[in-house]
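Read through the structure below, which is laid out as structure tokens, and then see the notes.
The values are calculated or read from the model by the stated rules, or taken from the named source; none is laboratory data. Here the structure is a predicted model, which means the values were calculated and not measured. Every residue, glycine as well, gets a Cβ built from its backbone with ideal geometry; the counts of neighbours run over all protein chains shown.
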Amino acid sequence: MPDMLVNLLKLPSLDRLPDEGVNIRRARPFEITPVREFIKQNFSIAWADEISVGFANKPVSVVIATRAGRVIGFAGYECTRKAFFGPTGVIESERGSGIGTALLIASLWGLRELGYVYAIIGSAGPADFYQRAFGWTIRTRGDGATAFDDTTGEVSGAFVKGRPPAATTPDPGPMTSYWPALAPAHR
């Protein structure tokens, strides 16, 4: 799956929230156990372990979605690497309702609050979710590589494929190539 780059200075507003019954908020430190259990039961132990790093960060870098006090989705940032978004997930019965997008946007605002200008979505998948969330254009470059352009025409990036996930690689090396303000020249 490809890595993607997001310009944090051009984020959508936080009012893109799902229906009124869903609460999107930063997790509190004492919620580590129920959030980890939710992730273990619905996704993977590896993601639960990874999200633990977000609970150790100050401020906590985990955003959760709840309905009637029950966790139904989560997103982490700065859990794997600096400026990285993920992991993230929403239970299957709630997918397609905007919860994933709201978790993504809230997390990216969290990275912006930490002072970053760009965020990396490592091993982004499904890519069409991110394409819809940001209106990115996915294209094939002249050299045959798959790439994307943001909606402003200011960022263009090439996907890195065939690289092992960051969590399994001690030093993954460069992960994303991008050309701020030069995107049209690289098409």
Filter segment 38-77 for residues that are of a type outside the set (Phe, Trp, Tyr), assigned to a helix (DSSP H, G or I) and touching a helix residue (DSSP H, G or I) at 6+ places or on another chain (Cβ under 7 Å); which is nearest to Gly96 (Cα to Cα)?
-> Ile39
Yes or no: Phe84 more than 21 Å from Phe30 (Cα to Cα), in contact (Cβ under 8 Å) with a residue 24 or more places away in the chain and under 16 Å from the mean Cα position of the chain (by Cα)?
-> yes
Looking at (1) buried (at least 21 other Cβ atoms within 10 Å of the Cβ); (2) outside any strand (DSSP E or B), find the lone condition where Ile120 falls short.
-> (2)
In segment 18-54, the residues that are surrounded by fewer than 17 Cβ atoms within 10 Å (Cβ to Cβ) and within 14 Å of Ala106 (Cα to Cα) = Asn23, Arg25, Arg26
Taking only segment 22-34 into account, find how many residues are of a type in the set (A, V, I, L, M, F, W, C) and under 16 Å from Gly100 (Cα atoms).
-> 3
Does segment 78-89 contain any residue that is closer than 21 Å to Thr33 by Cβ, polar (S, T, N, Q), in a strand (DSSP E or B) and touching a Ser or Thr at 6+ places or on another chain (Cβ under 8 Å)?
-> yes
Using the structure shown, decide if Ala83 is of a type in the set (A, V, I, L, M) and at positive phi.
-> yes
Out of Glu92, Glu78, which single residue is of a type in the set (D, E, K, R) and crowded, with 19+ Cβ neighbours inside 10 Å?
-> Glu78
Looking at this structure, is Leu108 closer than 20 Å to Arg26 by Cα, assigned to a helix (DSSP H, G or I), at pLDDT 90 or above and touching a Ser or Thr at 6+ places or on another chain (Cβ under 9 Å)?
-> no
